[in-house]
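First up is the structure itself, then whatever we jot down about it.
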């Protein structure tokens with residue numbers, strides 16, 4: 001079942017010989033078109049996201065880690081300076 005931006009997955013767990021029903025919430029975040037373009041370009045170049053994070057940090061002087069990059073690529077964060085640096089480093093358009 002999909003609720004908002006989450007998928008609810010029913011889950012049954014056996015606890016002390018009794019079945020306890022639980023629910024898992026799975027975040028349905030997907031990459032934006034920009035995020036897919038970045039990931040595709042990284043694969044094409046044989047580079048990983050860590051390399052991009054380090055390159056962006058070096059170019060901008062801003063802190064960029066895996067979590068922050070993920071949020072940018074999925075559209076959860078708006079960071080114009082970092083996006084501009086990514087575009088310049090990978091030679092892609094926004």
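Computed from the coordinates by the stated procedures, all read-outs in this text should not be read as laboratory data. Just so you know, these numbers come straight off a predicted model, no measurement behind them. Glycine gets a Cβ as well: all are built from the backbone with ideal geometry, and neighbour counts include every protein chain shown.
Numbers at a glance
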quantity: Kirkwood hydrodynamic radius of the range 33-90, from inverse mean 1/r over distinct Cα pairs, in Å; calculated: 11.1
quantity: Fewest-first ranking of 90, 42, 52, using other Cβ atoms within 10 Å as the exposure measure; calculated: 42, 90, 52
quantity: Fully extended contour minus Cα-Cα distance, from residue 94 to residue 36, at 0.36 nm per residue; calculated: 19.7 nm
